[in-house]
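Enquirer: Here you go, one structure.
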Amino acid sequence: MALMVDISRGSPLGPSSASELFQLLRDGQPRTRAELSTLTGLARSTIGLRVDELMSLGLISPVGDAASTGGRPSSQFALNPGSRLVLAADLGASHATLAVTDLAGIRLAEHRGPIDIGEGPEPVLTWMVRAGRELLSSIDREQRDLIAIGIGLPGPVQFSSGRPINPPIMPGWDRFDVPGWVQQHLEVPVLVDNDVNIMALGEQSTAWPHAEHLIFVKVATGIGAGIISGGLLQRGAEGMAGDIGHVQISRAAGIPCHCGNSGCLEAIASGPAIAASLRGTGLEVESSRDVLDLINRGNIEAIQAVRQAGRDIGEVLTACVSLVNPSVISFGGSMARAGEHLIAGVREVVYTRSMPLATKHLSIVQSSAGADAAIVGASMLAIHHALSPENVVALTTNS
Ligand SMILES: [Zn+2]
């Protein structure tokens, strides 16, 4: 039985007719021109042209009954996901994940390694380019098979230019032309976004494909949110949408924050802030990891501190619920590994303080994509761009 695909639901990255054709074909279901025409609402002639174009590029291939019907040309087509590749990079403060995926987002090769984002853009991106090339050769593929690169960075990014803007933990990266630099080495489109935005994309596609209103909250060294509203990722005017870590809350009054203000959510509820508060009670806690170790050992002070951080985050999220009315709030980042303790604190506040209708069907949960959310989102960013109508046209004219 043919799988029904709801093509009225766009990608959170926006509409694109070629991408929708690929969305249809990406499920591996072979379809005829007539079926594609019915499903997309496009004229048969338009579908025919598009199919020929995509076939000549190798992006789709004929499948099915050619052999069994005595040489009659197959009339069914499916995406040929391995025809092109994208490189996805999740560059964190101290570690990075790189993956080469096919056009269906399937990871073909992956590398994880330590980096120091504070070394500045050139050393980090040099490493990324070299490791990316090694991944390609590890699966016997050429650099020319690569059609786009998606990069997530741990700070605010102006998406249109791919430049980080005043990133607090990334000295030397401010307004650095990341796409321009990378393209000197790998000549393909380079998409750069804030890590929390790509985590929201990865989480939505992995666990909540039908959720059109989703907030992804990362709680780690910092606190930030990625917002999908009305089915679209919301970056805001300057790429700062979802930057909830520096909203002031009363319990943080007077506590200095690295942003220069005091009283920020991040100054009281981030991993380092929780560690600092536990040190104040005499516990030997240096890092977020130590906090998690204490929780795993059932330490009651650590559990209470994380639950309180959850309540503090919930205070800010209550306002977000009023603004965005999400159906899902999903938690990722290192502190989300504290599991139900953090989320219980969030639920306590959000469910009691929000209007009942706003929380009627609201799920507040731990990320399902987990550590993979960012790399999945980075590959989606690259694939979506690569398969946009303009880029498919560009592939045709360059071939
Ligand atoms: Zn702050």
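The values are calculated or read from the model by the stated rules, or taken from the named source; none is laboratory data. On a predicted model such as this, the values are computed, not experimentally measured, just so you know. Cβ sites come from the backbone with ideal geometry, for glycine too, and all protein chains shown count toward neighbours. Only protein heavy atoms, including side chains, enter the accessible area calculation; ligands, DNA and RNA are left aside. Shrake-Rupley method; radii C 1.70, N 1.55, O 1.52, S 1.80 Å.
Enquirer: So for the stretch 250-265 (the condition being within 13 Å of the ligand (Cβ to nearest atom), open to solvent by less than 30 Å² (accessible area, probe 1.4 Å) and touching a residue at least 60 places away in the same chain (Cβ under 8 Å)), does at least one residue qualify?
Expert: yes
Enquirer: Let me ask another. So which of Gly155, Gly222, Gly230, Gly172 ends up being open to solvent by less than 20 Å² (accessible area, probe 1.4 Å) and out of contact with any Leu (no Cβ under 7 Å at 6 or more places or on another chain)?
Expert: Unique residue meeting the criteria: Gly155.
Enquirer: Out of (1) aliphatic (A, V, I, L, M); (2) closer than 13 Å to Leu153 by Cα; (3) part of a loop (DSSP other than H, G, I, E, B); (4) modelled with pLDDT of 95 or more, what's the single condition that is false for Leu186?
Expert: Only one criterion is unmet by Leu186, namely (2).
Enquirer: When the stretch 324-348 is examined, which residues are found to be open to solvent by 10 Å² or more (accessible area, probe 1.4 Å), of a type in the set (A, V, I, L, M) and farther than 15 Å from Leu233 by Cα?
Expert: Passing the criteria: only Ala344.
Enquirer: If you don't mind, another one. Keeping to the stretch 233-249, report how many residues are buried (at least 16 other Cβ atoms within 10 Å of the Cβ), more than 11 Å from the ligand (Cβ to nearest atom) and charged (D, E, K, R).
Expert: Residues that pass the stated criteria total 1.
Enquirer: Limited to the stretch 268-280, what total is found for residues that are over 24 Å from Thr352 (Cβ atoms) and in contact with a helix residue (DSSP H, G or I) (Cβ under 6 Å, 6 or more places away or on another chain)?
Expert: The first filter runs over the stretch 268-280 and keeps only residues over 24 Å from Thr352 (Cβ atoms), leaving 271-272, 275-276, 278-280.
From what is left, the residues that are in contact with a helix residue (DSSP H, G or I) (Cβ under 6 Å, 6 or more places away or on another chain) are 271, 275, 278.
The number of residues fulfilling the criteria is 3.
Enquirer: May I ask you to list the residues in the stretch 364-399 that are open to solvent by 40 Å² or more (accessible area, probe 1.4 Å), farther than 19 Å from Asn194 by Cα and modelled with pLDDT of 90 or more?
Expert: Gln366, Ser368
Enquirer: While we're on this one: Regarding Gly150, is this residue surrounded by 15 or more Cβ atoms within 10 Å (Cβ to Cβ), out of contact with any strand residue (DSSP E or B) (no Cβ under 6 Å at 6 or more places or on another chain) and within 15 Å of Arg84 (Cβ to Cβ)?
Expert: no
Rundown of residues vs (1) part of a loop (DSSP other than H, G, I, E, B); (2) under 19 Å from Gly224 (Cβ atoms), yes/no style:
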| position | (1), (2) |
| --- | --- |
| Glu238 | yes, yes |
| Ala241 | yes, yes |
| Arg251 | no, no |
| Cys259 | yes, yes |
| Ile268 | no, yes |
| Pro272 | no, yes |
| Ala275 | no, yes |
| Thr281 | yes, no |
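Enquirer: Something else about it: Residue by residue through the stretch 266-297, note down the ones that are of a type outside the set (Gly, Ala, Ser), within 16 Å of the ligand (Cβ to nearest atom) and either in contact with a strand residue (DSSP E or B) (Cβ under 9 Å, 6 or more places away or on another chain) or farther than 19 Å from Leu342 by Cα (or both).
Expert: Within the stretch 266-297, just Glu266 meets the criteria.
Enquirer: Of the conditions (1) among the aliphatic types (A, V, I, L, M); (2) under 23 Å from Ala220 (Cβ atoms); (3) in contact with a Lys or Arg (Cβ under 9 Å, 6 or more places away or on another chain); (4) free of Cβ contacts under 8 Å to residues at least 40 places away in the same chain, Ala131 satisfies every one except a single condition; which number is it?
Expert: (3)
Enquirer: Name the residue, out of Ala89, Ala109, that is closer than 24 Å to Gly224 by Cα, open to solvent by less than 40 Å² (accessible area, probe 1.4 Å) and modelled with pLDDT of 95 or more.
Expert: It is Ala89.
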